[in-house]
Structure formats: C-alpha cells, structure tokens
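Q: The structure's right below; bear with me while I get my questions together.
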Amino acid sequence: MSPNTLVDLVDGFAARGRAIAIARAGSDESGHWSYQELHDHVVRVARTVHGENLDRNRPIGVLGENSPNWIATLLAIAYAGRIALPLNVLGSDDELKIAIDHSGCRHLFTTSSHAERLVALLDAGRVELLRLDEHDEKTEGLADLETSNGSATPGIAEDDIACLLYTSGTTGKPKGVPLSHGNLTSNVRSLIDAKMAGPQDRILVPLPLHHAYPLTVGVLSPLACGTTVVLPERMSGRAIKAALIEEECTLLLGVPRLYEALLGALFSQLAQQPRVIAATFESIHSMAAKGSALLRPLARELMAPVRKAFGPKLRIAACGGAKLDEDHERALNGLGFEVLTGYGLTETSPIATFNPPGRSRIGTAGKPVQGVEIRIEKAAADDQSGAVWIKGPNVFRGYWGEPPGADEDLTAEGWYRTGDLGFVDDDGYLHLVGRQKEILVLSGGKNVIPDSIEKRFMGLEGVSEVAAIERDGRLELIVVPEAHGGSGGRGEQSGGDRADALKTAVRAAAKQGPSYAQPSSIHIVRKKLPRTLIGKLKRHELQALLEEESRSPGERTAKDLSPEDEGLLRTAPAGEIYEWLGERYKDRDVSLDASPQFDLGFDSFEWMNVALVLEDRFDVVLMEDELAEVETVRDLLERCLDAHGREREGRNETEFDERWIRPRGPATRASAHALRDSNRFAMSRLFALDIEGAENIPAEGPFVVTANHQSHLDSFAIAAALTPELLERTYWAGATKVYFKGPLIRRFSRIANLLPIENDFGSFSALDYGRRVLERGDVLVWYPEGHRTRDGALLKFRPGVGVLMAELGVPALPIVLHGTLQAMPAGSKLPRFSKLRLACGPLVTPAELLGREVGEDTMEEGRNIVEALRRTIETMLRRHSFDGGDRDGG
C-alpha cells in the first residue's frame, strides 16, 4: 500500500483485519489493537471531529504519553481534514504555552493526568480540553465530543496540512512546521520502497511521538507496511529491554544515545570476564566490526547471547535524530545488527537521505530518497563542503504564521536551506560536517565546528559529555564527568581531585590537536548537558548552565519542579527515598540534579551503605553495574523505581545438562571453523608454534589428551595441533568459574566444545561429562593438574582422568607444552608473542601405564594411572627441552 494522503493510509487498515497494529508492552488485551480496531476507532473519532464543524484552519492539540489512543486520535484529526498538533508531554510550561498560543489551538485532546496542569497554564475557557483516552476514569476538566454519524472525512488533497509540529528548539525559540499529507506520505512511500519492514516485523518505538522522526518512521511507515508498532510501558532502559524481549521486536527505532547505552552495557559485561576471554571477544568483534568477512559469522554467533539479552528477534537498529558515531555504528554491525541511518529535519518530514538495507555506507547520511534532490552551495570554489539545500515532495512550504516568501531559507522553487554543512561524494552519498549556525567564530577569525572539537575528547577515560562553546572570542570546554557510582578506584577521589585530574587529561588530549583548538578554559559541571528528547544538544542553553554551575549549591535559585519530576516524586518509592536522602544529608545539596559523588560525597563505602538501606527499607535491589551508571539523584530514583520489588536473582547461571555434549548446529559449527582457522593462523604466525610428534596423534577417538598446564594459551596450542576433523569431535574440560560465568562466555564455550567442570576436576558431574564424551567415541582434553602452574613445576595430578581411563579402557595421548608459561603466565592480561613448542608422545593404554591389566577397583586404579601419567609427562618435559625466546629470536 503506497498512500498519497493519511486518509489512504487509514483506509488500508481494514484489509489487514485482526493483525496487530499497535501493542502496548506490559498491558492486557486492551493495549493491543488490531488493524481493524485501529481503523474503526480512527473513523469513529474522525466523524465526531468533523461533525463538530471545528475551524478547519485551527489545529487540534494532542497531549499525552505514547499510547494506541494517542496514535488513533492524531490520525483521526488528519482523517477528518483537520490539522493535528502533537505536543511534547515532557515540555516545559513555556514551551507548551508557546505552541498552543502561536498555533491558535482552541481544542486539545489530553488525559486527566495532564488536565490540571493545562487548566492552570491556559487562559480560562480559551482552550477546550477533550478526553483522549475513553478508558480514563477521571472526568474533571475534560469534555467528550458529541457522537456523530455523519461523514468521516471531506475531500482531502495532498497539499492540505495534516500536522503542525514545533521544532525542538536546539538554537532558540521553537517554530511551527506545517506538514501536508503529501509531505508525510512521500516519506512513507520512500521507506516502503526501501523494504525496511513488513507484516512479519514488530518495531519498538521508545521515542516521544510528537517528534517528526518517530511519528513518520516509527508509526506511519510501519503501519503502511502492515508492521506491528510496539510501545514500551514507559521510557526507561529496563522497560525498553523488557519490551524488546517480551514483544519479540525485530526492529528498534532509536537515537545515538540509546545505542551508546546499549554498547556501554555490552562492554561492561565483557570487562567482568577473564582477561584472556574478554580480549578474544573484543578482538573478534573489532575485526568483524571493521568488515572482516571471515570473522563476521563467528562474531555473530559469539555475540548471540548479547543480542538475545537485548531482544531475541532484534535484527535492525534504525537510528535518527542525530548523527550516529562511526565507531558505534561499526560496533553494532559487529554484533550482528543491521544498522540503518538517515538524515533530515522536521521541515523535510523528516527523511531526506537514507542508508538503505544492503547499501549502507558508514559515516555518511546516505543517498537522497525518492524524489529528493540535494544541492551543495559553497562559499568559495575551493571549499570542500558547503551549505546543504534540499528540494522534494517532503519539503514543507513555510513556517506557521509567516507569510509566503518571508523565510530566506526557503526559495520559491521549493529549495530549503537546512543550516547544515556537507558535501556529496562521487557515489551520491551525503557527508555532513556540522551546523552552519553552530560554528564558533574565535577572536583570531578562525571558524570552528564544535562537533569536530567535542569528538576528540569523548573517548577520554572519565568523560561522559563534552560541549565546546565560544566566550569573548575564546574556545572553552564544558565537561561532564562519568559518575563511577558503584565502584572504587577513581570514584574514591574527592570531587576536587577528580575535577583537577580530568582537566589535566583534557588539556593533554587537546595538545594533540591544532593550536586554535586549545581551550582557554575547561569547566567541570555536575549536571547533564541540556538536550532535546531525541538527544540533540541545546547549545543556546549552555551559557545559562555555566552561570548556574558557577554559583555554590546554597546560592543556586530553586526552580519549580518540571511535571515529569513531580510525577517521579509522586511515585512510590521514589518520593520516600528522596525524603530519606534529604534527612540523611541535611547539610548538603540534595536536589534532583545533585551528583552523589560531587555534591553528596559518596565513595564506594557510602554507596554500599545506601544500597543496603534501599534493599532493607524500600525493597529496592540495585546491582553494582546499575549504581555505576548513576550520575544524579534523579538517576538514582529512576533506577530505584525500575528495581522496586524485583526478585533477588541468583548469580550462578551454569546448567549441567545434555546441551554441552550435543553435536553443534550449523551456525555454531561455522563459528567454530572460523575460530579454528583464526587460532591456527595466530599460533603459526604470532607464536611460531613448533609441533613435534604429530604422527602420534590418532585420526579418531576415543582417547584422552593429557597435558601439563602452564597458561591459558595451552588449549589454543593443542587445538592448533589437531586436524580439523578431529578438532570437530574434541571436547575440553573447562573450569566453571572461569568459562561459564555468563551468557557471553557460555556462548564461547559452546562454540569451543568446552564442558562445565567444577574446579576439583574430580566431581561426579565432571566424570559424567567425560564418560559420555568418550563412550560416544570422541576426544577429551583434560589437564590432570587441575590448575595452571606458576613456576613451571609440574603439580600433583588429580585422579579424575585416571578413573575414566580405568573404567572405559580408553588410552591417553600425553602432550607437553613449552613456552606458554613465558608467553602468558597466570595473572597476565595479554600474551607476549614468543616461540612455543608442543610435543606429542605415543598413545598409552591404561594397561601399559599400570604394567598390567586394570583391576576391579577403578578408583584406586585411577590413582595409579595418573601417577604413571605424571611420570610419563615429567620424562617428556626433560627430553623435549626448549629455550623459548621472542618470536624473532631475541
């Protein structure tokens, strides 16, 4: 279905019948609307709106949280030939009043929870408040439109205005942008042509729908494709994650900061793993992210637990609202997600360019969508970039309330100057370099794009946010530090010490850049930088932020709480926790914007005390990683709200079951092959592995590989010595506490055929796993010492492997390893590339080791077998001496 108006869009819903159009996560059946129900609701409300004979030139407001009713009401207003005015439910009183007054709105759909605020904000009787949600039990301040059975819609043309959206105001006072039916549906048709989604998909939209980006890309276009639009229960990280999992969403509509948080959570998980495993994951992911075709299947398989943790069916990560950092885009690709980005503004409905599936080019804004033209106007012929102009059916025709031709950025021919600077490459992809209006003009006449300055500092340790500003012709930086709420280390420093250390680090990084980019002042602030709801920096508010931060806490002017803050404090147990914090820290600035580290003086011990009180007194269980993300008291209260009453989860996730010895599936095998090839390359090229006695290795099992244990590199060296066919059927005993700590490591263990063995390597579960592998005719790799040696001396052998050999009569392949201790001793984080040697002895049977046949007491015989094995390996270590040394012979 390719609609030309929103009327066409709605008329197509009925054909989809009982298919789910909108799903509210965490709700009962009333929160799931079929396409037929959505169609009928829109038509019913449209008849009522049209029957009221409301002024067709006055917009009708819609104010409320994202919901099926919100979507249906907005569509009904447009379907009735009226102008819908979606309003920001989290906007300030000033922002709301500007939009309502400037637009001339006289009727406004809202909920009872917002009615009291609107009555106090608006002149009495000037705006009539109408019920948005028919299930809203409260009626005070709200009126119902009289039911009408008349026509649902008059004749509507593509040029008729459908919506009036007010810009987010990143550089000043918001402006009203009227978008016609044709503007909006041109974008819808472009996304349909891109085949971004279909009826089988479910798209999660965790962004406020009053903005053009989620409205067009997250609602109108998916509904035109027959896709289910999923709305999270609320706008929080936990609710978004729950919706992705429970609703099995295949697409996520996000902004850069959302994906930054997703990646931050991933690498936080990796940091908790053993260093050798974390380094392996990071290197494979890094190479896959950079486009390695060989490692992409392995990375996708390895990262499956990560994707599953954020959503078992999620395949596409769509990003808009602001430019996604190139490294973040590559990182998402390396996880196995398909990342789709684009560019546009409210004035362009909003998509002007798009990186379509299969033809995405990282670092660009994509190619113009169907019917759109891009023109670059350079100030000088030798300039690389210039002002970006856009023309097409998606471009608006002028701001609300301004006469035609009043805006110099919009020509009579329909060209719109976006205010962005960029260039188009030879393949037609648009590259953006900055905002024309945000350029900083320094005293020496140098023009500086703030984005380019800020990017250089965002990778610094301890930095959360950076903004570059110009004051008195000088470049200055505003730096927001990371919180480090739940950990020690840097978090143990006082606020002043941390601020000084951070300034020193920023100045050192600045010296790596050009002289004009050296900041004259660095301001460390505690509040988050002001941003729009989709993450754009409000640069015009930075000066006021500095002025406020320059005053001491006692001097700061108390401001009225925003509606969202009032709502937060009215919700249990956030309000009670806030009161408790005020009582506990009476002599300090306990405001919602206060930093627990800077203002309240939290160190790791105080965080521990607070966490205990939250659990005992308020039934709030916060994990250390959650505390580490807290930057303000508001953050703490929001996390407490999410965690209230959450069941205390166990930490041991390892399950001892058949899945660890089942044959691997095709995808897992493909990943194992990629890991095998990468390992053989590393062992031969980086460690110059010398293999002696390879002819002693049998072509098939069953047998047990027994080797001395010096390093985490031991298993990689043994794997490189086995043939691909033998390696496919080889299983490895892996310590539970090292190789089965979480989903990432367990995925690696499954790919590598590791078995979860308790540390004594002699438990009943260990013997059971080993027995089943060997009975099946496969190969088992077992380190009889149980632990790595720290000085090279052979440790005492444990009897587990001897018991298996005695019971099953399987032989052992003794192997000795040289050089792995020097290359990566216990406690090392990264290996040293030096020469390694592996020597294989002849296969030995239990009878050969004992000098006789095995008796009836397999436990006792097992001890005798491992003692003989230890003597065999000790002899081999002396026989196969090795000098080691660096790979180049040094």
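Q: Based on this model, can you work out whether GLU867 counts as touching a helix residue (DSSP H, G or I) at 6+ places or on another chain (Cβ under 9 Å) and farther than 22 Å from SER715 by Cβ? Outline the logic, then answer.
A: Details: touching a helix residue (DSSP H, G or I) at 6+ places or on another chain (Cβ under 9 Å): yes; farther than 22 Å from SER715 by Cβ: yes.
The answer is yes for GLU867.
Q: Within the range 564-576, can one find any residue that is of a type in the set (Ser, Thr, Tyr), modelled with pLDDT of 70 or more, open to solvent by 50 Å² or more (accessible area, probe 1.4 Å) and in a helix (DSSP H, G or I)? Write out each step before concluding.
A: Looking only at the range 564-576, we keep the residues that are of a type in the set (Ser, Thr, Tyr), and these are 571.
From the residues that got through so far, the ones that are modelled with pLDDT of 70 or more too are 571.
Still in the running and open to solvent by 50 Å² or more (accessible area, probe 1.4 Å): 571.
With in a helix (DSSP H, G or I) added as a condition, the list becomes none.
No, there is no match, as no residue in the range 564-576 is of a type in the set (Ser, Thr, Tyr), modelled with pLDDT of 70 or more, open to solvent by 50 Å² or more (accessible area, probe 1.4 Å) and in a helix (DSSP H, G or I).
To keep it simple, each residue is scored yes or no on (1) polar (S, T, N, Q); (2) closer than 21 Å to ALA14 by Cα; (3) buried (at least 24 other Cβ atoms within 10 Å of the Cβ).
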residue: GLY198; (1), (2), (3): no, yes, no
residue: GLY218; (1), (2), (3): no, yes, yes
residue: SER221; (1), (2), (3): yes, yes, yes
residue: CYS225; (1), (2), (3): no, yes, no
residue: THR228; (1), (2), (3): yes, yes, yes
residue: MET235; (1), (2), (3): no, no, no
residue: ARG238; (1), (2), (3): no, no, no
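Q: Please work out which one of (1) buried (at least 17 other Cβ atoms within 10 Å of the Cβ); (2) at pLDDT 80 or above; (3) not in a helix (DSSP H, G or I) is the condition LEU145 fails and give its number.
A: It is condition (2) that LEU145 fails.
Q: Quickly run through the range 687-700 and pick out the residues that are on the phi < 0 side of the Ramachandran plot and open to solvent by 20 Å² or more (accessible area, probe 1.4 Å). Even if it seems obvious, please write down each step before you answer.
A: Filtering the range 687-700 down to residues on the phi < 0 side of the Ramachandran plot leaves 687, 689-692, 694-700.
Within the range 687-700, LEU689, ASP690, ILE691, GLU692, ALA694, GLU695, ASN696, ILE697, PRO698, ALA699, GLU700 qualify.
Q: When the residues of the range 828-848 are narrowed to those that are hydrophobic (A, V, I, L, M, F, W, C) and free of Cβ contacts under 8 Å to residues at least 40 places away in the same chain, which ends up nearest to PRO814 (Cα to Cα)?
A: In the first step, residues of the range 828-848 are kept if they are hydrophobic (A, V, I, L, M, F, W, C); the result is 830, 833, 836, 838-840, 843-844, 847.
Going one step further and asking which of them are free of Cβ contacts under 8 Å to residues at least 40 places away in the same chain, we end up with 844, 847.
Values: VAL844: 8, ALA847: 15 Å.
The qualifying residue nearest to PRO814 (Cα to Cα) is VAL844.
Quick grid of which residues meet (1) in contact with a strand residue (DSSP E or B) (Cβ under 7 Å, 6 or more places away or on another chain); (2) of a type outside the set (S, T, N, Q); (3) without any contact (Cβ under 8 Å) to a residue 40 or more places away in the chain:
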{"residue": "SER2", "(1), (2), (3)": "no, no, no"}
{"residue": "ALA21", "(1), (2), (3)": "yes, yes, no"}
{"residue": "THR48", "(1), (2), (3)": "no, no, no"}
{"residue": "ALA80", "(1), (2), (3)": "no, yes, no"}
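Q: Out of the range 631-651, which residues are under 19 Å from GLY601 (Cβ atoms) and either hydroxyl-bearing (Ser, Thr, Tyr) or modelled with pLDDT under 80 (or both)?
A: So in the range 631-651, the residues under 19 Å from GLY601 (Cβ atoms) come out as 631-637.
Within the range 631-651, GLU631, THR632 qualify.
Q: Looking only at the range 318-337, count every residue that is over 21 Å from VAL219 (Cα atoms), assigned to a loop (DSSP other than H, G, I, E, B), open to solvent by less than 10 Å² (accessible area, probe 1.4 Å) and small (Gly, Ala, Ser) and tell me the total.
A: Adding up the residues that qualify gives 0.
Q: Every residue in the range 780-791 that is surrounded by 13 or more Cβ atoms within 10 Å (Cβ to Cβ) and either out of contact with any helix residue (DSSP H, G or I) (no Cβ under 7 Å at 6 or more places or on another chain) or over 14 Å from ALA812 (Cα atoms) (or both), please. Lay out the reasoning, then the answer.
A: To start, the set of residues in the range 780-791 that are surrounded by 13 or more Cβ atoms within 10 Å (Cβ to Cβ) comprises 780-789.
Listed by number, the residues that qualify are TYR783, GLU785, GLY786, HIS787, ARG788, THR789.
Residue by residue, here is whether (1) of a type in the set (Ser, Thr, Tyr); (2) in contact with an Asp or Glu (Cβ under 6 Å, 6 or more places away or on another chain); (3) surrounded by fewer than 21 Cβ atoms within 10 Å (Cβ to Cβ); (4) at pLDDT 95 or above holds:
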| position | (1), (2), (3), (4) |
| --- | --- |
| ARG685 | no, no, yes, no |
| THR723 | yes, no, yes, no |
| ALA733 | no, no, no, no |
| ARG747 | no, no, yes, no |
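Q: For the range 778-854, give me every one of the helices (runs of 4 or more DSSP H) that falls completely inside it and has 3 or more residues that are over 47 Å from the mean Cα position of the chain (by Cα) and of a type outside the set (Gly, Ala, Ser). It would help to see each step written out before you state the result.
A: Details: elements: 800-808, 820-823, 846-850.
Of the helices (runs of 4 or more DSSP H) lying wholly inside the range 778-854, those with at least 3 residues that are over 47 Å from the mean Cα position of the chain (by Cα) and of a type outside the set (Gly, Ala, Ser) span 800-808, 846-850.
Q: I need the full set of residues from the range 12-33 which are surrounded by 17 or more Cβ atoms within 10 Å (Cβ to Cβ) and out of contact with any His (no Cβ under 8 Å at 6 or more places or on another chain), in order please. Working first, answer last.
A: Initially, the range 12-33 is screened for residues surrounded by 17 or more Cβ atoms within 10 Å (Cβ to Cβ), giving 12-13, 16, 20-25, 32-33.
Passing the criteria: GLY12, ARG16, ALA21, ALA25, HIS32.
Q: When you go through ALA99, ALA76 one by one, which is the residue that is open to solvent by less than 10 Å² (accessible area, probe 1.4 Å), part of a helix (DSSP H, G or I) and under 19 Å from LEU145 (Cβ atoms)? Spell out how you get there, then give the answer.
A: Numbers: ALA99 fails: under 19 Å from LEU145 (Cβ atoms).
Going through ALA99, ALA76 in turn, just one is open to solvent by less than 10 Å² (accessible area, probe 1.4 Å), part of a helix (DSSP H, G or I) and under 19 Å from LEU145 (Cβ atoms): ALA76.
Q: Moving on to the next point. Test GLU482 against the criterion of being farther than 24 Å from VAL388 by Cα, at pLDDT 85 or above, surrounded by 13 or more Cβ atoms within 10 Å (Cβ to Cβ) and of a type in the set (Asp, Glu), and give yes or no. Spell out how you get there, then give the answer.
A: Values: farther than 24 Å from VAL388 by Cα: yes; at pLDDT 85 or above: no; surrounded by 13 or more Cβ atoms within 10 Å (Cβ to Cβ): yes; of a type in the set (Asp, Glu): yes.
So GLU482 does not fit the description; no.
Q: Restricting the range 503-527 to residues that are assigned to a helix (DSSP H, G or I) and in contact with a strand residue (DSSP E or B) (Cβ under 6 Å, 6 or more places away or on another chain), which is most open to solvent (accessible area, probe 1.4 Å)? Give the derivation first.
A: Restricting attention to the range 503-527, the residues satisfying the condition of being assigned to a helix (DSSP H, G or I) are 503-510, 515-517.
After this cut, where a residue has to be in contact with a strand residue (DSSP E or B) (Cβ under 6 Å, 6 or more places away or on another chain) as well, the list is 503, 506.
Details: LYS503: 74, VAL506: 1 Å².
The residue in question is LYS503.
Q: So which helices (runs of 4 or more DSSP H) stay within the range 661-753 end to end and still have 3 or more residues that are within 30 Å of PRO842 (Cβ to Cβ)? It would help to see each step written out before you state the result.
A: Values: elements: 666-681, 714-721, 724-728, 736-739, 743-751.
Filter on the range 661-753 gives 666-681, 714-721, 724-728.
Q: Looking at the range 220-240 only, could you name the residues that are touching a helix residue (DSSP H, G or I) at 6+ places or on another chain (Cβ under 6 Å) and assigned to a helix (DSSP H, G or I)?
A: Across the range 220-240, the qualifying residues are LEU220, SER221, ALA224, ARG238.
Q: I'm trying to understand the selection: among the residues of the range 338-396, which are hydrophobic (A, V, I, L, M, F, W, C) and not in a strand (DSSP E or B)? Walk me through it before giving the result.
A: Taking the range 338-396 and keeping what is hydrophobic (A, V, I, L, M, F, W, C), we get 339-340, 345, 351-352, 354, 362, 365, 369, 372, 374, 376, 379-381, 387-390, 395-396.
Result: LEU345, ILE362, ALA365, VAL369, VAL372, ALA379, ALA380, ALA381, VAL395, PHE396.
Q: In addition: Only residues that are modelled with pLDDT of 75 or more and either of a type in the set (Gly, Ala, Ser) or open to solvent by less than 30 Å² (accessible area, probe 1.4 Å) (or both): list them for the range 122-142, please.
A: LEU122, VAL127, LEU129, LEU130, LEU132
Q: Could you tell me which residue of the range 593-624 is modelled with the lowest pLDDT, considering only residues that are under 23 Å from GLU233 (Cα atoms) and open to solvent by 10 Å² or more (accessible area, probe 1.4 Å)? Outline the logic, then answer.
A: Taking the range 593-624 first, the residues under 23 Å from GLU233 (Cα atoms) are 618-623.
Pick out the ones that are also open to solvent by 10 Å² or more (accessible area, probe 1.4 Å) and you get 618-619, 621-623.
Values: PHE618: 83, ASP619: 79, VAL621: 75, LEU622: 75, MET623: 64.
Per the criteria, the residue is MET623.
Q: Looking only at the range 36-58, decide whether some residue is assigned to a helix (DSSP H, G or I), at pLDDT 90 or above, farther than 18 Å from ALA78 by Cβ and not hydrophobic (A, V, I, L, M, F, W, C).
A: There is at least one residue in the range 36-58 that is assigned to a helix (DSSP H, G or I), at pLDDT 90 or above, farther than 18 Å from ALA78 by Cβ and not hydrophobic (A, V, I, L, M, F, W, C).
Q: A follow-up question, please. Can GLY182 be described as over 31 Å from the mean Cα position of the chain (by Cα) and either on the phi > 0 side of the Ramachandran plot or at pLDDT 95 or above (or both)? Walk me through how you get there before you give the answer.
A: On the way: over 31 Å from the mean Cα position of the chain (by Cα): yes; either on the phi > 0 side of the Ramachandran plot or at pLDDT 95 or above (or both): yes.
Yes: the conditions hold for GLY182.
Q: May I ask you to list the residues in the range 200-216 that are of a type in the set (A, V, I, L, M) and farther than 22 Å from PHE13 by Cα? Show your work before the answer.
A: Within the range 200-216, the first condition is being of a type in the set (A, V, I, L, M), and the residues that meet it are 203-205, 207, 209, 212, 215.
Within the range 200-216, LEU207 is the sole residue that qualifies.
Q: For the range 242-257, enumerate the residues that are at pLDDT 85 or above and either open to solvent by 30 Å² or more (accessible area, probe 1.4 Å) or part of a helix (DSSP H, G or I) (or both).
A: At the first step, the residues of the range 242-257 found to be at pLDDT 85 or above are 242-256.
Listed by number, the residues that qualify are ALA242, ALA243, LEU244, ILE245, GLU246, GLU248, PRO256.
Q: Just to verify a result, which residue in the range 392-443, among those that are at pLDDT below 85 and polar (S, T, N, Q), is least open to solvent (accessible area, probe 1.4 Å)?
A: Ranking the candidates gives GLN436 first.
The values are calculated or read from the model by the stated rules, or taken from the named source; none is laboratory data. Since this is a predicted model, take the numbers as computed values, not measurements. Cβ atoms come from the backbone with ideal geometry, glycine included; neighbour counts cover every protein chain shown. In case anyone asks, the SASA skips ligands and DNA or RNA and just uses the protein heavy atoms, side chains included. Shrake-Rupley method; radii C 1.70, N 1.55, O 1.52, S 1.80 Å.
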